[in-house]
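Trainee: Sending over a structure as structure tokens; questions will come in a sec.
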Amino acid sequence: MTRICLVEDEEKVSSFIKKGLEEHNYTVDVAADGVAGLTMMLQNKYDLFILDMMLPLLSGMELCRQIRQKQQDAPILILSALGTIDDKVNGLHAGADDYLVKPFHFKELLARIEALMRRRQPADAAGSHYLNFSDLKLNIWDKTAERAGKQIALTAKEYALLELFIRNANKLLSREYITEKVWGINFDTQTNMVDVYVNYLRNKIQKGFDKKLIHTVIGMGYILKEQ
């Protein structure tokens, strides 16, 4: 699953972006200042950074430079109310891959993120935007799924769960691991959320098919494998 580091000091803006991106199957970690963003970058591996330009403690421009100095190759998208040509040029020279001026439409932000992620795909990797397991096929660009050529309608979390299983096919995944990767939260032993969503997913990808793919390992978790 694509993991994004969002560094934005305006809480309303960061909440809006985080909510919208999570609805499109992205995992989003938020920092409210540049120093916190730098710490998160050093402690975690991200697929994309979204940086506000005017941040407390450490500017977005300097944070962008620090990310590049640490040889992080993930795309960087700058969000800023500063929209002159010089502002954009300075941001790109600091190491950003794209620059979006505030205020912006969420659809444009999403499109730019998708474009940046596509550019990371190897140019010669035919079909690199597909994930396959058995007769399951996911299109990670438009977040669609099918089995044996039949389209499967999935919610955002169901899709994220299936993508996690396929990326870890034939590996036993604990409930703790699934919760962290799909919901971005620590596992709560008082909830059966993982079990509920696994059942939702099973009903959609296994109903009408003889071959069962998602298997329970009692007391340990779940595994995607062929019978």
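Trainee: Please determine whether any residue of the stretch 9-18 is touching a helix residue (DSSP H, G or I) at 6+ places or on another chain (Cβ under 8 Å), free of Cβ contacts under 8 Å to residues at least 40 places away in the same chain and surrounded by 16 or more Cβ atoms within 10 Å (Cβ to Cβ).
Mentor: No, the stretch 9-18 contains no residue that is touching a helix residue (DSSP H, G or I) at 6+ places or on another chain (Cβ under 8 Å), free of Cβ contacts under 8 Å to residues at least 40 places away in the same chain and surrounded by 16 or more Cβ atoms within 10 Å (Cβ to Cβ).
Trainee: Kindly list the number of the only condition in (1) modelled with pLDDT of 85 or more; (2) part of a loop (DSSP other than H, G, I, E, B) that fails for Val89.
Mentor: Failing condition for Val89: (2).
Trainee: From the list Leu51, Leu38, Leu21, exactly one residue is assigned to a strand (DSSP E or B) and either open to solvent by 20 Å² or more (accessible area, probe 1.4 Å) or not polar (S, T, N, Q) (or both). Which is it?
Mentor: Sole residue among the options that is assigned to a strand (DSSP E or B) and either open to solvent by 20 Å² or more (accessible area, probe 1.4 Å) or not polar (S, T, N, Q) (or both): Leu51.
Trainee: Within the stretch 206-225, does at least one residue satisfy the condition of being part of a loop (DSSP other than H, G, I, E, B) and open to solvent by less than 50 Å² (accessible area, probe 1.4 Å)?
Mentor: yes
Trainee: Would you please name the residue that is nearest to Arg119 (Cα to Cα), looking only at residues in the stretch 55-86 that are assigned to a loop (DSSP other than H, G, I, E, B) and open to solvent by 70 Å² or more (accessible area, probe 1.4 Å)?
Mentor: Once the filter is applied, the top-ranked residue is Asp73.
The values are calculated or read from the model by the stated rules, or taken from the named source; none is laboratory data. For clarity, every value in this text was computed on a predicted model and none was experimentally measured. Glycine gets a Cβ as well: all are built from the backbone with ideal geometry, and neighbour counts include every protein chain shown. Only protein heavy atoms, including side chains, enter the accessible area calculation; ligands, DNA and RNA are left aside. Shrake-Rupley method; radii C 1.70, N 1.55, O 1.52, S 1.80 Å.
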